[in-house]
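Engineer: Before I ask anything, let me first share the structure, which is written out below as structure tokens.
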Amino acid sequence: MKKIIIVSIGLLMVSNLFAQKIAADNVPADVRSTFKNKYSSAEKVSWQLDYDNYVAEFTFLNSKMSSMFDKEGNWLETHYFIKSSELPKEVKDSITKQFGTLLSMYTIEDAEKVESKDKDLYFKLEVEKAGTTYNMMYNENGKTLKKEIAKKDEDDKKKVKKAKEANGKK
């Protein structure tokens, strides 16, 4: 039990190194203004500071989203959290070609539609098949932009190790 608590604390500490929740009052006025102009009817807004960028997580038109802005208030990207059934036909067809025709052979998780200032529209998702998770990215025409095996277990172990070292334990 003690190990579980130590590991949990370590993971929380590591996650706080990358993104920290902040109050809306601590978000620069230019960032809040751009956000309000772009998403005037947003609800349940929470803010995080991710390195030098500000991330708003919110609900807009009954959809969960997150949007990133630089410190000058310039919009950088928006992630729309979607159901796998909302993926374009071309993306679904590409997934079928890569992972099989039977939906029971794999699952699609964490599907996102991503609009970016610097990139064309793309779709980001995880596909789990036979115990292996793949991080995938597709353009709107179904072309695979990225396919890599997720390294969740290895990354989690590294984070815990770093957290323990930060606390003076090995």
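Engineer: Failed condition for GLU57, given (1) in contact (Cβ under 8 Å) with a residue 24 or more places away in the chain; (2) part of a strand (DSSP E or B); (3) surrounded by fewer than 18 Cβ atoms within 10 Å (Cβ to Cβ); (4) not aliphatic (A, V, I, L, M), with all others met?
Structural biologist: (1)
Engineer: Say whether the condition of being over 28 Å from ILE82 (Cβ atoms), modelled with pLDDT under 95 and either surrounded by 15 or more Cβ atoms within 10 Å (Cβ to Cβ) or basic (Lys, Arg) (or both) is met by at least one residue in segment 143-157.
Structural biologist: yes
Engineer: Could you go through segment 80-96 and let me know if any residue there is within 29 Å of ASN26 (Cα to Cα), hydroxyl-bearing (Ser, Thr, Tyr) and assigned to a strand (DSSP E or B).
Structural biologist: Checked against the condition, which is being within 29 Å of ASN26 (Cα to Cα), hydroxyl-bearing (Ser, Thr, Tyr) and assigned to a strand (DSSP E or B), segment 80-96 yields at least one hit.
Engineer: Against the condition assigned to a strand (DSSP E or B) and aliphatic (A, V, I, L, M), how does VAL45 come out, does it pass?
Structural biologist: Spelling it out, VAL45 is indeed assigned to a strand (DSSP E or B) and aliphatic (A, V, I, L, M).
The values are calculated or read from the model by the stated rules, or taken from the named source; none is laboratory data. Being a predicted model, the structure only gives us computed values, none of them experimental. Cβ sites come from the backbone with ideal geometry, for glycine too, and all protein chains shown count toward neighbours.
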